[in-house]
Amino acid sequence: MARSVILLSDEEVALVRESSLLVGKTLAEVARHIGPGVTTAALDALAERFIRDNGGLPGFKGLYGCPSTLLISVNDQVVHGLPGDRPLQEGDIASVDCGVLMNGFYGDSAYTFCVGEVPADVRKLLKVTQECLALGIAQAVTNNRTGDIGAAVQQHAEAHKYGVVRELVGHGVGRKLHEAPEVPNYGKRGHGTKLQRGMVLAIEPMVNMGSKEVRQLDDGWTVVTRDGRPSAHFEHTVAVRDGQAEVLSTFSYIEDVLKAKGELVDM
Ligand code: MG
Ligand code: MG
């Protein structure tokens with residue numbers, strides 16, 4: 001049974017914004033500590049503490065049996081990597097996905113970090129994926145359709161000969177982390193679910209440097225590229241509005257930290 005789309009009032013959207021801002025601040029804590037030698041488990045622990053200290057609950061932990069606060073996907077891992085004792089290494093990229101539940105509403109956002117010096121072609125992948133996110137968000141306006149978002153993402157990624165993951169998609173967000181509609185990162189203009197004011201969407205391009213093909217590891221969680229090449233993932237929680245989408249999550253806290261560390265990649 002297809003779930004129906006839920007429209008949120010302005011008051012409810014404000015609560016999603018609060019949860020989403022806490023996600024952004026949590027990812028900034030990750031930004032402060034991420035670097036060569038740091039384990040993904042250590043980042044997960046500090047994120048959980050930070051969220052709880054700020055009045056929220058980890059949005060992922062316990063959901064579908066997820067054991068962690070963050071999902072951290074390194075290099076060829078696309079999404080849903082589980083934190084562990086593997087230390088990050090110079091030259092890695094790490095997508096860090098975080099959800100917060102607060103006041104009954106979820107926020108959901110992800111950012112792909114560079115660990116130390118990262119090769120130029122990989123930095124380019126990150127830049128283009130962030131551009132894909134911005135282009136997708138620009139389509140999240142009343143009377144457009146989910147296909148307009150997907151088409152914008154797909155077109156830009158494929159213009160750079162990158163692969164757009166099909167198996168995993170963006171989604172509605174609200175009282176549940178995953179609501180209708182699905183928001184694929186590919187599609188045709190004018191197709192898909194019609195967007196209405198008050199819909200809140202997690203838009204989250206997953207872009208592979210090589211082919212679009214992915215597979216899941218035996219842990220039942222981690223999704224990796226089939227060709228072993230790197231993959232990037234950026235996500236914002238966004239409210240559909242007339243004329244211009246309202247971005248509820250933010251990367252500004254992250255970028256402030258990276259700038260201060262001298263690590264903000266030229267985006
Ligand atoms: Mg997410
Ligand atoms: Mg999401």
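Worth pointing out:
- Applying the set (1) open to solvent by 50 Å² or more (accessible area, probe 1.4 Å); (2) part of a loop (DSSP other than H, G, I, E, B); (3) in contact with a helix residue (DSSP H, G or I) (Cβ under 6 Å, 6 or more places away or on another chain) to Y253 leaves exactly one unmet item: (2).
- From L133, L125, residue being modelled with pLDDT of 95 or more, open to solvent by less than 10 Å² (accessible area, probe 1.4 Å) and within 16 Å of ligand 1 (Cβ to nearest atom): L133
- Filtered residue count, region 228-250, keeping only those that are among the small types (G, A, S) and either open to solvent by 10 Å² or more (accessible area, probe 1.4 Å) or over 14 Å from the mean Cα position of the chain (by Cα) (or both): 4
- Identity of the residue in region 157-185, of a type in the set (G, A, S), away from ligand 2 (no atom under 12 Å from the Cβ) and in contact with a helix residue (DSSP H, G or I) (Cβ under 8 Å, 6 or more places away or on another chain), that ends up nearest to V100 (Cα to Cα): G174
- Flag if P230 is within 16 Å of ligand 2 (Cβ to nearest atom) and at negative phi: no
- The set of residues in region 6-33 being open to solvent by 10 Å² or more (accessible area, probe 1.4 Å) and touching a Phe, Trp or Tyr at 6+ places or on another chain (Cβ under 6 Å) consists of L15, K25, E29.
- Top-ranked residue of region 85-98 - restricted to ones that are open to solvent by less than 20 Å² (accessible area, probe 1.4 Å) and in contact with a Ser or Thr (Cβ under 8 Å, 6 or more places away or on another chain), ranked as farthest from ligand 1 (Cβ to nearest atom): L88
- Residues in region 40-62 that are in contact with a Gly (Cβ under 7 Å, 6 or more places away or on another chain) and surrounded by fewer than 20 Cβ atoms within 10 Å (Cβ to Cβ): 1 in all.
- Condition check for H156 on (1) in contact (Cβ under 8 Å) with a residue 60 or more places away in the chain; (2) out of contact with any Phe, Trp or Tyr (no Cβ under 6 Å at 6 or more places or on another chain); (3) within 29 Å of D121 (Cα to Cα): one failure, at (1).
- Just so you know, in region 186-221 the residues that are within 16 Å of ligand 2 (Cβ to nearest atom) and assigned to a loop (DSSP other than H, G, I, E, B) include one that is surrounded by the fewest Cβ atoms within 10 Å (Cβ to Cβ), and it is W221.
- Qualifying residues in region 63-75 (those that are farther than 23 Å from R17 by Cα and more than 16 Å from the chain's Cα centre (by Cα)) - the one surrounded by the most Cβ atoms within 10 Å (Cβ to Cβ): C66
- Filter result for G174 (buried (at least 20 other Cβ atoms within 10 Å of the Cβ) and at pLDDT 95 or above): yes
- Filtering region 180-227 to residues that are over 15 Å from the mean Cα position of the chain (by Cα), farther than 14 Å from V79 by Cα and within 15 Å of ligand 1 (Cβ to nearest atom) leaves nothing.
The values are calculated or read from the model by the stated rules, or taken from the named source; none is laboratory data. Computed from a prediction, not measured in an experiment: that's the story for all the values here. Neighbour counts run over all protein chains shown; Cβ positions are idealised from the backbone, glycine included. Protein only, heavy atoms only, side chains kept; ligands, DNA and RNA dropped before computing areas. Shrake-Rupley method; radii C 1.70, N 1.55, O 1.52, S 1.80 Å.
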